[in-house]
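The values are calculated or read from the model by the stated rules, or taken from the named source; none is laboratory data. What you see is a predicted model; the values in this text were computed from it and never measured. Don't worry about glycine lacking a Cβ; one is built from the backbone with ideal geometry, like all the others, and counts go over all protein chains shown.
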């Protein structure tokens, strides 16, 4: 039996009150521990991004590494890691951004890709769009172009997709959550 988006959605656990009261965390670890679900999630993500031209992938810490890493391996593409502040050992560029429950800073190594590289931003979940916009800003500062953004899950009620698309960033996802 081939898993479809609705089957994958059923494997994702809701955790109320994490990381703070009022937030319902979408826990993908239950999807990852189901045999074949990761492979199928990556296949469905690749299918959603088939109309976006890219020659590298940037994934956002930490769960984005799972999906972005798998996609980079399958396509034989370079992978850039977008990490939380202070986690990369060499010369970095960084940017601050807002998320649905606070602020954060992300960084990447300077000169990770050649100038003009078209980069697909990959993460597990789209909420407000802050981290994806920050990633796009980092890529631009480094001479690259964010070609699009791809997510396993989009929390549609938080408006992130609209925010990304208004910025000109093509945005795709596999599972949309309306409330």
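Just one of 9, 43 is farther than 21 Å from residue 144 by Cβ, free of Cβ contacts under 8 Å to residues at least 60 places away in the same chain and outside any loop (DSSP other than H, G, I, E, B); which is it?
Details: 9 fails: free of Cβ contacts under 8 Å to residues at least 60 places away in the same chain.
Just a single option satisfies the conditions, and that option is 43.
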Seminar exercise, completed: Every listed condition ((1) closer than 26 Å to residue 38 by Cβ; (2) out of contact with any strand residue (DSSP E or B) (no Cβ under 9 Å at 6 or more places or on another chain)) holds for residue 166 save (1)
Problem set entry | Single residue of the range 1-19 satisfying the filter (over 17 Å from residue 155 (Cα atoms) and loosely packed, with under 10 Cβ neighbours inside 10 Å) that is nearest to the chain's Cα centre (by Cα) | 2
Exercise. Are any residues in the range 120-133 more than 15 Å from residue 62 (Cβ to Cβ), touching a residue at least 40 places away in the same chain (Cβ under 8 Å) and surrounded by fewer than 24 Cβ atoms within 10 Å (Cβ to Cβ), and if so, which ones?
Worked result: none
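Criterion first (in contact (Cβ under 8 Å) with a residue 24 or more places away in the chain and within 26 Å of residue 40 (Cα to Cα)) does residue 153 satisfy it? Give the derivation first.
Details: in contact (Cβ under 8 Å) with a residue 24 or more places away in the chain: yes; within 26 Å of residue 40 (Cα to Cα): yes.
Yes; evaluated as a whole, the condition is true for this residue.
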For this session: Could you figure out which of (1) touching a residue at least 12 places away in the same chain (Cβ under 8 Å); (2) more than 16 Å from the chain's Cα centre (by Cα); (3) under 24 Å from residue 163 (Cα atoms) isn't true of residue 74?
Result: (3)
Exercise. Among the listed residues 161, 63, which satisfies the condition of being surrounded by fewer than 20 Cβ atoms within 10 Å (Cβ to Cβ) and either touching a residue at least 60 places away in the same chain (Cβ under 8 Å) or under 30 Å from residue 13 (Cβ atoms) (or both)?
Worked result: 63
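Please state which one of 111, 137, 148 is part of a loop (DSSP other than H, G, I, E, B), at pLDDT 95 or above and out of contact with any helix residue (DSSP H, G or I) (no Cβ under 8 Å at 6 or more places or on another chain).
Numbers: 137 fails: part of a loop (DSSP other than H, G, I, E, B); 148 fails: part of a loop (DSSP other than H, G, I, E, B).
After ruling out the rest, the residue left standing is 111.
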For this session: Can you confirm whether the range 9-26 contains a residue that is in contact with a helix residue (DSSP H, G or I) (Cβ under 9 Å, 6 or more places away or on another chain) and within 21 Å of residue 120 (Cβ to Cβ)?
Result: no
For this session: Restrict the check to the range 107-119 and report whether at least one residue is within 17 Å of the chain's Cα centre (by Cα) and surrounded by fewer than 16 Cβ atoms within 10 Å (Cβ to Cβ).
Result: no
Seminar exercise, completed: Taking the range 33-46 and keeping residues more than 14 Å from residue 68 (Cα to Cα) and surrounded by fewer than 14 Cβ atoms within 10 Å (Cβ to Cβ) leaves 33, 35, 36
